Protein chains: 2
Amino acid sequence: MDKLRGFREFYPDEMRSRRVIFDASRKVSQLFGYEEISFPSVESLDLFRMKSGEEIVDQTYSFRDKGGREITLIPEATPSVSRMLAERKELPRPVRWFSFEKYWRYEEPQAGRAREFYQYNADLFGPYSEMADAEMIGLAGAILNELSLKGKYSFRVSHRGFIEKVLSKLGVSNPAAVLPVLDRYHKTTLETTVARLIETGVPEKSIDQLISILKEGSKLDKIEDLFADTGIDLTGIEEIGWLKRVGKLLESYSMKDIVFDASVVRGFTYYTGIVFEAFDLKGENRAILGGGRYDNLLSVISGNSIPAVGFAMGDVVLEIVMKSLNTWPEDDGAFTVTVCFTSGESSIYALDICNKLRKRGIPALISPETRSLSTQLKDASRHRSRFSVIVGDKEIAQKGATIRDMADGSQVTFPVLEAIKFLDKKRNITLLGQ
Amino acid sequence: MDKLRGFREFYPDEMRSRRVIFDASRKVSQLFGYEEISFPSVESLDLFRMKSGEEIVDQTYSFRDKGGREITLIPEATPSVSRMLAERKELPRPVRWFSFEKYWRYEEPQAGRAREFYQYNADLFGPYSEMADAEMIGLAGAILNELSLKGKYSFRVSHRGFIEKVLSKLGVSNPAAVLPVLDRYHKTTLETTVARLIETGVPEKSIDQLISILKEGSKLDKIEDLFADTGIDLTGIEEIGWLKRVGKLLESYSMKDIVFDASVVRGFTYYTGIVFEAFDLKGENRAILGGGRYDNLLSVISGNSIPAVGFAMGDVVLEIVMKSLNTWPEDDGAFTVTVCFTSGESSIYALDICNKLRKRGIPALISPETRSLSTQLKDASRHRSRFSVIVGDKEIAQKGATIRDMADGSQVTFPVLEAIKFLDKKRNITLLGQ
């Protein structure tokens, strides 16, 4: 009975790597004052319909439960997190939350897409400010740095309000219809983009200007130069100041060279302000993470408007990127000791030593069966134990324990307590990274 | 749009407590040499049908996906874990795995039962031995001890093979039919038990003997005395030696007074040997955890027989028990510093200090908006920051930072670097537990 297609299993080696990712994200979140929350993996389908419309239904694992309710496995975090906030109106703001949950999407599995994935999510509720936007991007960058990706990624930023105003200036009557075309700019041919822009209402005379912006991009502090070259008049578009101030604030987070990229749209319709994505510098992969400001979603869900900015980072693309950059953590596992015994009679004596080691905080294994010493030592190597403890009649007679260094096979016999102290010391040295 | 009935949300305070539980279980598992794995939350319904028969279907969140496949949210770990093992026949044994996943059951929500819950799961594959059984119970006990439950729980143990042989001696032709009646012994009246025993084929002359065993119980090392009083002849039932040896081995784990209790059956039909449960000593609640030996399940799933013993512990009963015993962790959260600024002009200066603190590993918060100092200090208190950093024109002029001890309101101004060093020292003292 195989696992389902698009689903993944993680054996210990793979899970250890993933645990490093989880722990690093958690640690950085806490450094920024974010607190962990958790929410149901199953929700009313209506919660997502409210936010994303009927089209979401096809992409979800949704079904009727035995009580006839239309429910779904959650495809993303934002509606649930927003609901949790709406239920606690009295919480002092700003509210800073993060979570690391599983999500499900009924999509065709392919590189970078699984049907079940882990996703980190962070949100800052309350403030409507450049500082809030910069904090969110700063947090995202700090997590990538903690994952040893420093210098290997770039952030691309845009602003929904800004782009919509620019499109209006270019004579577009329904800017929202054009956004998906911008989103596809890097993923399709120029020809297709032009055709789709015309279809969605961009006047032919404006096409060149728009393409030029899409093609060039600029550093955040140079946006005005980018537009000056195209002849588009930015008078009265205050969002440009917002974007530049966010760029300035990000210098405090040691994040420079943020790129303005009009093709950054993010799929979700609920974004209202800044939107951003991080890519690896080779640029061969999908976005590692993405997010933005969504100031109206809370009022859709709870009738109460609360400014919000957040981002999400899935484990599937992250793993591909980190592996391609050789930064995926390959952990050898914890320091362990294997306790071996040379006869059934010595097994209880060995088990006692094993439990004493555990009480000291030293991970210790023992064979649950009477097996030959050579088999037990082979197991110790397989489990990457740095040391083995060997006990037999001789050790029992002198209340001792023989320690074997698995690296060179050297052996020394100590009294039991000395042996435990010796191993404790060795473990502490290992913990200090030697 | 409310959350669904029987599902739970965890706000930061609640999640911090839960994180303590997760981390403690993980830490003890690693002490015992167990390695973490993870598996899909959605599986073919057939995987569970194979193991538990058709009746499982009603109790699961199962449905047809958009491709027509009968799938289900996983109701328990064992079939998935067994499948993972079967896929890696080459793994050196013993294999020691643990996991901490979410599970779902379509049951009526009630005290101790949620429709979605977290469950810790550990399994030891390979050995068929008393040492393996003792290790599993020892691991379970060590986790409860780590959760500050030492001395507050008891283990009750039985053995499927043993009970079935005893029932045969008592003249029962289909012992499996009687097991569910034993399971209900403590949950129903004596009258009902007697009636159901007769219905399921226990001869009337044997009823008193069986009830006497169920009523009395015994320490593991005194089982023979228990049976001697009833006149049941244990000749040829070797499992009694097995149980006594497990009891003896458990002394090495500092676990004494393990109780033999014939009413411990565990619902799952797949257990073949020892079965065990842990209860809080008040005994008012459901089992905190339960498990046992299941040597035939792997052959059902993979055609390959591999001895196995494991247990599972859900978070729902655990939380009830720990709260009733006042051992549920109430964590005040991490050491944090809030950086406050007295004007918009000082915000970047403040943000720089905030980011310097984070680089040092000190969790630091800053208001994402220009607000009054008193509001920012109120926020610092709400977030339980031990110290605040206050900066304004005076501090900028002298390249300094004022540190406020939130406990007594005392303030000192330092050069920035000194201020950061001071806070770093304070944090390290806090980490050391003062």
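Here are a few things to note about the model shown:
- Qualifying residue in segment A:272-279 (condition: among the β-branched types (Val, Ile, Thr), assigned by TED's automatic domain parsing to the domain that holds A:ILE56 and either over 19 Å from A:PRO127 (Cβ atoms) or assigned to a helix (DSSP H, G or I) (or both)): no
- B:LEU179 vs. criteria surrounded by 17 or more Cβ atoms within 10 Å (Cβ to Cβ) and more than 26 Å from B:PHE279 (Cβ to Cβ): no
- A residue that is surrounded by fewer than 19 Cβ atoms within 10 Å (Cβ to Cβ), free of Cβ contacts under 8 Å to residues at least 40 places away in the same chain and in the same structural domain as B:GLN376 (by TED's automatic domain parsing) occurs nowhere in segment B:298-309.
- Condition check for A:ASP229: out of contact with any His (no Cβ under 8 Å at 6 or more places or on another chain) and closer than 27 Å to A:GLY112 by Cβ: no
- You will find that of A:LEU167, A:LEU91, A:LEU147, A:LEU124, the residue that is closer than 29 Å to B:THR375 by Cα, touching a helix residue (DSSP H, G or I) at 6+ places or on another chain (Cβ under 9 Å) and in contact (Cβ under 8 Å) with a residue 24 or more places away in the chain is A:LEU124 and no other.
- Filtering segment A:166-195 to residues that are over 23 Å from A:ALA287 (Cα atoms) and either assigned to a helix (DSSP H, G or I) or not β-branched (Val, Ile, Thr) (or both) leaves A:VAL166, A:LEU167, A:SER168, A:LYS169, A:LEU170, A:GLY171, A:SER173, A:ASN174, A:PRO175, A:GLU191, A:VAL194, A:ALA195.
- Answer residue from segment B:362-379, given it is more than 7 Å from chain A (Cβ to nearest Cβ) and of a type outside the set (A, V, I, L, M, F, W, C) and is nearest to A:ARG96 (Cα to Cα) among those: B:SER367
- Exclusive hit being assigned by TED's automatic domain parsing to the domain that holds B:ASN285, crowded, with 20+ Cβ neighbours inside 10 Å and among the polar types (S, T, N, Q), set B:SER129, B:SER173, B:SER148, B:SER168: B:SER129
- Selection of segment A:338-361 for residues being facing chain B (nearest Cβ under 9 Å), closer than 27 Å to A:MET15 by Cβ and in contact with a strand residue (DSSP E or B) (Cβ under 7 Å, 6 or more places away or on another chain) yields A:THR338, A:CYS354, A:LEU357, A:ARG358.
- Single unsatisfied condition, A:HIS383 versus (1) more than 17 Å from B:PHE32 (Cβ to Cβ); (2) surrounded by 14 or more Cβ atoms within 10 Å (Cβ to Cβ); (3) touching a residue at least 24 places away in the same chain (Cβ under 8 Å); (4) not aliphatic (A, V, I, L, M): (1)
Residues are listed down the side, and each one gets a yes or a no for (1) without any contact (Cβ under 8 Å) to a residue 24 or more places away in the chain; (2) assigned by TED's automatic domain parsing to the domain that holds B:LEU417; (3) surrounded by fewer than 22 Cβ atoms within 10 Å (Cβ to Cβ); (4) under 35 Å from the mean Cα position of the chain (by Cα):
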{"site": "B:PRO329", "(1), (2), (3), (4)": "no, no, yes, yes"}
{"site": "B:GLY344", "(1), (2), (3), (4)": "no, yes, yes, no"}
{"site": "B:ALA350", "(1), (2), (3), (4)": "no, yes, no, no"}
{"site": "B:LYS356", "(1), (2), (3), (4)": "no, yes, yes, no"}
{"site": "B:ARG360", "(1), (2), (3), (4)": "no, yes, yes, yes"}
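- If you filter segment B:400-421 down to residues that are assigned to a strand (DSSP E or B) and touching a residue at least 24 places away in the same chain (Cβ under 8 Å), you find that the one that is farthest from B:THR342 (Cα to Cα) is B:ARG404.
- Of the residues making up segment B:150-205, those that are farther than 19 Å from B:LEU289 by Cα and in contact with an Asp or Glu (Cβ under 6 Å, 6 or more places away or on another chain) are B:GLY161, B:PHE162, B:PRO175.
- The residues in segment B:23-57 that are under 29 Å from B:LEU147 (Cβ atoms) and touching a helix residue (DSSP H, G or I) at 6+ places or on another chain (Cβ under 9 Å) can be counted, and the count is 15.
- Extreme residue, nearest to the other protein chains (Cβ to nearest Cβ), among residues of segment B:98-123 that are in a loop (DSSP other than H, G, I, E, B) and of a type in the set (Lys, Arg): B:ARG115
- Summed over segment B:265-278, residues that are at pLDDT 95 or above and among the hydrophobic types (A, V, I, L, M, F, W, C) total 4.
The values are calculated or read from the model by the stated rules, or taken from the named source; none is laboratory data. All figures in this text were calculated on a predicted structure; none of them were measured in a lab. As a convention, Cβ positions derive from the backbone with ideal geometry for all residues, glycine included, and neighbour counts pool all protein chains shown.
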